[in-house]
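The next block holds one structure in the form of structure tokens; read it before the comments.
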Amino acid sequence: MHAQPLVRSLVLAAVVLLTALAPVGVASRVQPRDLAGQVTFQTWGGPGELAAYEQVVAAFETNYPGITVSLVHVPDQGDHYAELRRGFASGTPADVFLLNYRNVGPLAAGGDLTPIGSRLAESAEIAEDDFFEPALDAFRYRDGELTCLPQNVSSLVVYYNRDLFEANRVPLPTAEWTWQEFQDAAVALTKDLDADGVPDQYGLATEPSLIRAAPFVWQAGGELVDDLQQPTTLTLDTPEARAGLQFFLDLNLTHRVAPSREANAEQAPTDRFAAGGAAMLLESRQAVPALRDGATFGWDVAPLPRGQTEAGMLHGAGFCLSAAAIDQDAAWAFIEFAGGPNGQTILSQTGRIVPALQSVASGPSFARVPAGNGTPVAQESAPANSAVFIDTIPVVRRVPTTSTWP
């Protein structure tokens, strides 16, 4: 559904003030252009993310008065992708849309995307070197062609309920904790309070998926596939891969510290953690807005526990340009703005993204609180240890982006 006129006028006024007060190195780079056109932009997310995208659109239209952007917001990510599929099937997809890198393959293979590599190379506002390389690499398809402009570069981390850890005298996670320490903490914090055989408080909330298990496979020395660029077979039958999978699966099957698939269907992992029903949560940066709004306890984040080696899972989305867009130049101008310093600064203030732009990730809108010192911060600024998301970028890995990847 489209943003309401009253809300748009209010956020426009706020963005004009924000732009006036912003550092010269960020907001003053983009000047009004003579481009004209109509652009539709489709995305997903909660109320906080919608408000941020409205601000991005308002700021863009201030800088590009000849371009009108219609914001199409679909709250649920699954519904967002379903709407995109319907749009491409009918020949009327959104001109610009947010896409997780894991979903790029089918659209790129079908010729539904306009690659943006050549436009980025010609941009006077942003360049490839401005971005974290893992974020760019995730959107390179087949021969290295850049399909979309990365928005965020989150890693999988461990969210933990500081209050539960301290109340049960369980050591807080550290930057170098091990699989065994992680498992021990989960066991100690799993409680069957009414003795009915079903935990009322789990040590860990997570979904039993390959995306969650993959880092443990890599940390054990295994691989998911034979070739990341052009995979032909899964390689989960090696001793190393099986060891990583076994450790992850045993958290539920043997130690009973994580909910079953059926329990997750009744209450999603992030919701369970936010309600105090789990002491830890495996999730990317996307959990932050919900926890800032809903958690009533002290919480923070820590890196994944270490196995034989360090490895993490990349979670990232990007701004994609539809090949069906009529005003390609206007659509690119919006992508360049939304994925540039102005847009990423606004979006990072929601807490939802780890900016793919290195300058924004190191700036006050994201890294605005002291990191790693164990000191609790105000809920609206949590997590205190946001530096974890940046520190783990060098060890994040990704899954294939082929059209046949599950």
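The values are calculated or read from the model by the stated rules, or taken from the named source; none is laboratory data. Here the structure is a predicted model, which means the values were calculated and not measured. Cβ sites come from the backbone with ideal geometry, for glycine too, and all protein chains shown count toward neighbours.
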Report every pair of residues separated by at least 6 positions or lying on different chains whose Cβ atoms are under 7 Å apart, first residue within the range 88-99 and within 11 Å of ASP112 (Cβ to Cβ), second among the acidic types (Asp, Glu).
PHE88/ASP112
Return a yes/no flag: does the range 54-72 have any residue that is among the aliphatic types (A, V, I, L, M), modelled with pLDDT of 50 or more and more than 22 Å from ILE353 (Cβ to Cβ).
yes
Being of a type outside the set (Lys, Arg), buried (at least 18 other Cβ atoms within 10 Å of the Cβ) and in a loop (DSSP other than H, G, I, E, B): is that true of PRO115 here?
yes
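Just name the residue that is surrounded by the most Cβ atoms within 10 Å (Cβ to Cβ) out of those in the range 201-220 that are within 24 Å of the chain's Cα centre (by Cα) and part of a loop (DSSP other than H, G, I, E, B). Walk me through it before giving the result.
First, pick out the residues of the range 201-220 that are within 24 Å of the chain's Cα centre (by Cα): 203-219.
If we keep only those that are part of a loop (DSSP other than H, G, I, E, B) as well, we get 203-204, 206-209.
On the way: GLY203: 25, LEU204: 27, THR206: 25, GLU207: 16, PRO208: 16, SER209: 11.
Applying the filter and picking the extreme gives LEU204.
Got a sec? Which of VAL198, VAL170, VAL225 is in the same structural domain as GLY307 (by TED's automatic domain parsing) and either surrounded by fewer than 16 Cβ atoms within 10 Å (Cβ to Cβ) or at pLDDT below 95 (or both)?
Numbers: VAL170 fails: either surrounded by fewer than 16 Cβ atoms within 10 Å (Cβ to Cβ) or at pLDDT below 95 (or both); VAL225 fails: either surrounded by fewer than 16 Cβ atoms within 10 Å (Cβ to Cβ) or at pLDDT below 95 (or both).
Being in the same structural domain as GLY307 (by TED's automatic domain parsing) and either surrounded by fewer than 16 Cβ atoms within 10 Å (Cβ to Cβ) or at pLDDT below 95 (or both) holds for just one of VAL198, VAL170, VAL225, which is VAL198.
Does ARG102 meet the test of being among the basic types (Lys, Arg) and not in a helix (DSSP H, G or I)? Quick ask: steps written out before the conclusion?
Values: among the basic types (Lys, Arg): yes; not in a helix (DSSP H, G or I): no.
Taking the combined requirement at face value, the residue does not satisfy it.
Select, from ALA205, ALA265, ALA214, ALA275, the only residue that is among the aliphatic types (A, V, I, L, M), under 22 Å from ASN100 (Cβ atoms) and out of contact with any strand residue (DSSP E or B) (no Cβ under 9 Å at 6 or more places or on another chain). Break it down stepwise before answering.
Numbers: ALA205 fails: out of contact with any strand residue (DSSP E or B) (no Cβ under 9 Å at 6 or more places or on another chain); ALA214 fails: out of contact with any strand residue (DSSP E or B) (no Cβ under 9 Å at 6 or more places or on another chain); ALA275 fails: under 22 Å from ASN100 (Cβ atoms).
Exactly one residue qualifies, and that residue is ALA265.
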If I filter the range 74-83 for residues that are among the β-branched types (Val, Ile, Thr), in contact with a helix residue (DSSP H, G or I) (Cβ under 6 Å, 6 or more places away or on another chain) and either on the phi > 0 side of the Ramachandran plot or in a strand (DSSP E or B) (or both), do I get at least one hit?
yes
Is there any pair linking a residue in the range 202-222 that is touching a residue at least 60 places away in the same chain (Cβ under 8 Å) to one that is assigned to a strand (DSSP E or B) and among the aromatic types (Phe, Trp, Tyr), with Cβ under 9 Å and at least six apart or on different chains, and which?
ALA205/TYR159
Quick check on my filter: what residues within the range 160-181 are more than 20 Å from VAL395 (Cα to Cα) and in a loop (DSSP other than H, G, I, E, B)?
ASN168, ARG169, VAL170, PRO171, LEU172
The condition from (1) over 21 Å from ILE211 (Cβ atoms); (2) among the aliphatic types (A, V, I, L, M); (3) surrounded by 16 or more Cβ atoms within 10 Å (Cβ to Cβ) that VAL104 misses is numbered (1)
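Let's see how each residue does on (1) surrounded by 13 or more Cβ atoms within 10 Å (Cβ to Cβ); (2) in contact (Cβ under 8 Å) with a residue 24 or more places away in the chain:
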{"residue": "GLY110", "(1), (2)": "no, yes"}
{"residue": "ASP137", "(1), (2)": "yes, yes"}
{"residue": "GLY144", "(1), (2)": "no, no"}
{"residue": "THR178", "(1), (2)": "no, yes"}
{"residue": "THR190", "(1), (2)": "yes, yes"}
Could you check, for the range 121-136, whether at least one of its residues is modelled with pLDDT of 95 or more, aliphatic (A, V, I, L, M) and under 20 Å from the mean Cα position of the chain (by Cα)?
yes
The condition of being out of contact with any His (no Cβ under 8 Å at 6 or more places or on another chain) and outside the structural domain of PHE389 (by TED's automatic domain parsing) holds, among GLY343, GLY277, GLY294, GLY307, only for GLY343
